[in-house]
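Structure, as structure tokens:
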Amino acid sequence: MAQTPQKSWIMDPGLKPGMAVEVLSLENRLIRMTRVEGCQNGAVTLRDAKGDNLPRMVYNQELKLRFFRGADSTLLQGKICGSTDQIWKVDRLERKFSKEQRAFFRQRISTSVLGKCYRRTSRGTVLKEGTPCRVLDVSAGGLLMASLENFVLGERLIVAEVQLTRTMAPFTFQCQVRRAGGREGGLVRYGCQFEALHPKDQDRLLQAIFTVQREELRMQKEQGGR
């Protein structure tokens, strides 16, 4: 039986082939990093970002999809309407998460990654010598770090020498402090949003996230097989 369109469903979300997509559960657990294969009649077709086979999904399973356009993202909710080992097809797309529009899935890093944090001006000028920090998790849109330094909301930073994987060169991020937690053990946690992340750098970052994700999934399978 044909589905009756609802006014809240987005029939033309303006998605383009090749766009990076985080597929998440409704609880914000990352399921897969994918890319848009195509979009037609309000349904988007997704393929694994690395070209691997996909696990089969249950019909009507609800998902969150975060589509990346350079430094911006769009968060939609939809339901699986087709699934093979090559593609997932999701339709009934809706915007339900206005409060989460600036939130990103964060790939937890099992071992904290050391980096250096520099204050900067609006023109990018470094104001002082870098101080050590620990990058605790990262996403295509930002990072969570811990530092002894006192930063304020809205302050602009450069976080440098971040080695996410052994196979890729270190990253340098320009970001802005959006959240700050209480001090614990001398350290304060800061949620930072990336600024001026070049599309090539974002692609490289996504590849690093894929690598970390693959390694964690491999470790989970090995531990589950014991």
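The values are calculated or read from the model by the stated rules, or taken from the named source; none is laboratory data. Owing to the predicted nature of the structure, the values given are computational and were not obtained by experimental measurement. Note: ideal-geometry Cβ built from the backbone for every residue, glycine included; neighbour counts use all protein chains shown.
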Has the range 29-46 got at least one residue that is among the acidic types (Asp, Glu) and farther than 11 Å from residue 88 by Cβ? no
If you scan the range 57-74, which residues turn out to be farther than 19 Å from residue 213 by Cβ and in contact with an Asp or Glu (Cβ under 8 Å, 6 or more places away or on another chain)? 71
Please determine, by comparing only the residues of the range 51-70 that are closer than 21 Å to residue 197 by Cβ and either surrounded by fewer than 16 Cβ atoms within 10 Å (Cβ to Cβ) or aromatic (Phe, Trp, Tyr) (or both), which one is modelled with the lowest pLDDT. 70
Residue that is nearest to residue 140 (Cα to Cα) [pool: residues in the range 24-42 that are under 12 Å from the mean Cα position of the chain (by Cα) and assigned to a strand (DSSP E or B)]: 33
Could you tell me whether the range 170-178 includes any residue that is out of contact with any strand residue (DSSP E or B) (no Cβ under 8 Å at 6 or more places or on another chain) and modelled with pLDDT of 90 or more? no
Hey, can you tell me all the residues within the range 43-87 that are basic (Lys, Arg), in contact with a Ser or Thr (Cβ under 8 Å, 6 or more places away or on another chain) and not in a loop (DSSP other than H, G, I, E, B)? 47, 64, 66
Working only within the range 159-201, note down all residues that are touching a residue at least 60 places away in the same chain (Cβ under 8 Å) and either of a type in the set (Phe, Trp, Tyr) or not in a loop (DSSP other than H, G, I, E, B) (or both). 178, 193, 194, 199
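Rundown of residues vs (1) closer than 25 Å to residue 157 by Cα; (2) modelled with pLDDT of 95 or more; (3) not assigned by TED's automatic domain parsing to the domain that holds residue 132, yes/no style:
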{"site": "73", "(1), (2), (3)": "yes, no, yes"}
{"site": "77", "(1), (2), (3)": "no, no, yes"}
{"site": "81", "(1), (2), (3)": "no, yes, yes"}
{"site": "87", "(1), (2), (3)": "no, yes, yes"}
{"site": "90", "(1), (2), (3)": "no, yes, yes"}
{"site": "116", "(1), (2), (3)": "yes, no, no"}
Mind checking which pairs have a first residue in the range 8-33 that is of a type outside the set (A, V, I, L, M, F, W, C) and surrounded by 15 or more Cβ atoms within 10 Å (Cβ to Cβ) and a second that is assigned to a loop (DSSP other than H, G, I, E, B) and at pLDDT 75 or above, Cβ under 9 Å, 6 or more apart or different chains? 13/42; 22/139; 22/140; 32/49; 32/54; 32/55
In the range 161-194, which residues are within 22 Å of residue 214 (Cα to Cα) and either of a type outside the set (Phe, Trp, Tyr) or more than 19 Å from the chain's Cα centre (by Cα) (or both)? 162, 163, 164, 165, 166, 167, 168, 169, 170
